[in-house]
Amino acid sequence: MTFDPLDELARAGIDLTLAGPEQREIVRSLSEAEVALLVSIHGQLREGSPEVEAHIVGGLLF
């Protein structure tokens, strides 16, 4: 099975539906290690306080 960063992030609950074509292309170029790091950070933020969670925009950090 081929690694697909968009699928991996979606499985982790990271919503990229608001990302534009250029952003999605950049996400597609991420390595497995980079995706794992994003998933880890996303999970930690979701476990944090509501104040931190409010800074998650479009599923990713900005």
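Quick notes on this one:
- Scanning region 15-62 for residues that are among the charged types (D, E, K, R) and at pLDDT 65 or above gives ASP15, GLU22, ARG24, GLU25, ARG28, GLU32, GLU34, ARG46, GLU47.
- Region 30-43, residues that are surrounded by fewer than 13 Cβ atoms within 10 Å (Cβ to Cβ) and in contact with a helix residue (DSSP H, G or I) (Cβ under 9 Å, 6 or more places away or on another chain): SER31, GLU32, GLU34
- Number of residues in region 1-29 that are farther than 24 Å from GLU47 by Cα and either open to solvent by less than 60 Å² (accessible area, probe 1.4 Å) or outside any loop (DSSP other than H, G, I, E, B) (or both) equals 9.
The values are calculated or read from the model by the stated rules, or taken from the named source; none is laboratory data. All of these numbers come straight from a predicted model, not from anything done at the bench. With ideal geometry, Cβ positions are generated from the backbone for all residues, glycine too; neighbour counts draw on all protein chains shown. Protein only, heavy atoms only, side chains kept; ligands, DNA and RNA dropped before computing areas. Shrake-Rupley method; radii C 1.70, N 1.55, O 1.52, S 1.80 Å.
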